[in-house]
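Structure, as structure tokens:
The values are calculated or read from the model by the stated rules, or taken from the named source; none is laboratory data. Please read these numbers as outputs of a predicted model, since none were measured by experiment. All Cβ positions, glycine included, derive from the backbone under ideal geometry; neighbour counts span all protein chains shown.
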Amino acid sequence: MNFSMGSMRNSLALCGFALVLLVLPARGEVYLSPEKFLSESFGGATPPPEFVWLTGALAGQAEAVLGHKPAGLRIRYWALGARSAWILDEIGKTEAITAGVVVEDQKIARMQVLEYRESRGAEVRHAFFTNQFIGLSLQEDTRLSGALDGISGATLSVRAMENMARLALLLARHAAAAESSAP
Amino acid sequence: MMRWHRIIGLSAGVLMVVLALSGITLTHSAQLGLDRRTITTPWLLAWMGAQSDAEIYFYSLDAHSIAILDDRVFFDGDMIAQTLEGGVGAVKIANAIVVAGRSEILLLAENGDLIERVTALPVPITGIGVTKNGRVAVALTPDLVFTSDAGLLEWRQVTDQPVVWATPGLIPTATREQILQGHRGAGLSAERIVLELHSGRLFGHYGPWLMDGAALALLALAATGVAGWLRGRKRKDLRDAP
């Protein structure tokens with residue numbers, strides 16, 4: 001037999017090294033920090049944060065948009081004139097996707113994945129997908145005003161992105177109405 | 001050729017055995033009753049993230065309580081959050097409860113409903129407390145303390161501000177049992193463990209790739225085995241030739 005003990009030791013060491021590698025934890029990919037997203041969205045002068053409370057009819061509408069109860073009772077946003085920015089989290093398959101949505105005059109002006117934690121489907125972060133949201137608004141039935149081309153193999157992430165866009169438009173509409181009715 | 005056959009066999013042999021045995025076991029899992037058998041082995045549950053030896057930090061807040069175990073938060077014994085990294089403590093303020101992790105805060109209503117996960121704040125947090133005027137305070141170091149406005153929207157650094165810092169207390173036995181039960185969940189079936197082993201997921205994020213490698217090694221073994229056999233037959237033919 002010409003297979004030496006040295007070769008066997010090397011093979012076992014290789015296996016050991018592979019085992020060390022594979023127990024390393026997997027982390028989400030951060031594409032843009034919330035601070036940078038906000039700064040870019042407001043030309044470097046981020047306004048102070050405000051929030052909307054998900055209570056009464058708005059809570060029911062938000063639940064209908066997401067298909068489940070929203071995670072929190074209030075959602076933070078940043079607004080300047082007719083422009084507002086929203087940073088939302090939504091589960092794709094098992095992990096939360098963090099997206100930033102800018103709404104201007106009740107239409108989406110920017111949509112960006114800030115952090116992606118799922119193991120597959122991260123294609124939703126690319127501009128070819130997110131640019132489809134620009135210019136879309138919310139119809140009376142809380143659907144988006146235009147159709148989106150999905151990404152095969154990323155159906156749940158696409159749905160999560162769509163739901164976050166709809167929620168941002170819904171909340172922006174509510175925030176604008178609340179501001180206009182304020183004394 | 002046979003040298004490669006031996007190298008591949010010895011290098012990936014253990015994984016191939018795991019792959020084959022777990023595959024056979026899964027095929028007969030129903031007959032073996034693996035889908036009905038619950039795993040209670042502590043180290044296996046811990047490895048699967050289903051059990052923890054970590055300490056439970058308990059905070060009694062007037063009529064309610066917050067407990068933190070690993071990354072999980074329990075309100076009155078019921079789990080309300082699973083992903084609070086590095087639990088720091090909990091305090092009660094007017095009409096709300098605030099639970100701090102290392103890099104975020106959970107703002108809860110008095111009934112335990114989540115109001116907001118606050119991430120825009122000074123980090124890493126090492127302590128949480130309440131100031132004399134009822135505002136939330138977080139400490140990054142003993143000398144670096146920030147307090148918030150009532151809505152937890154803005155934070156500013158303060159000095160020489162008296163703060164009552166959150167300290168964990170003694171957890172009642174019944175609450176402890178309730179939390180541990182909630183942490184373990186309904187339990188893991190033996191079938192799930194074998195499935196995780198077969199797919200390689202039991203070994204972590206790169207485990208499935210390792211099992212893919214073992215499956216490819218099996219193919220390579222077949223190829224080198226056939227090639228070696230053909231070469232041996234050719235030699236025999238030459239030897240036997242007149």
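Just a few scattered comments:
- Hits in the stretch B:216-242 - residues which are aliphatic (A, V, I, L, M), in a helix (DSSP H, G or I) and over 16 Å from B:ARG6 (Cα atoms): B:LEU230, B:LEU238
- In the stretch A:158-183, residue farthest from A:SER145 (Cα to Cα) [restricted to those that are of a type in the set (Gly, Ala, Ser) and free of Cβ contacts under 8 Å to residues at least 40 places away in the same chain]: A:ALA182
- For the stretch B:121-135, a tally of residues being of a type in the set (S, T, N, Q) and in contact (Cβ under 8 Å) with a residue 12 or more places away in the chain returns 2.
- Only one of the listed residues (B:THR175, B:THR167, B:THR147) is in a loop (DSSP other than H, G, I, E, B), in the same structural domain as B:SER60 (by TED's automatic domain parsing) and under 30 Å from B:LYS92 (Cα atoms). That residue is B:THR167.
- The set of residues from the stretch B:124-144 being assigned to a loop (DSSP other than H, G, I, E, B) and surrounded by fewer than 16 Cβ atoms within 10 Å (Cβ to Cβ) comprises B:PRO124, B:LYS132, B:ASN133, B:GLY134, B:PRO142, B:ASP143.
- Restricting attention to the stretch A:63-111, the residues that are polar (S, T, N, Q), surrounded by fewer than 18 Cβ atoms within 10 Å (Cβ to Cβ) and in contact (Cβ under 8 Å) with a residue 60 or more places away in the chain add up to 1.
Conditions (1) surrounded by 15 or more Cβ atoms within 10 Å (Cβ to Cβ); (2) out of contact with any Cys (no Cβ under 6 Å at 6 or more places or on another chain); (3) free of Cβ contacts under 8 Å to residues at least 60 places away in the same chain, marked per residue:
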| residue | (1), (2), (3) |
| --- | --- |
| B:THR159 | no, yes, yes |
| B:VAL163 | yes, yes, yes |
| B:GLN178 | yes, yes, no |
| B:GLY200 | yes, yes, yes |
| B:GLY207 | yes, yes, yes |
| B:LEU210 | yes, yes, no |
| B:ASP237 | no, yes, yes |
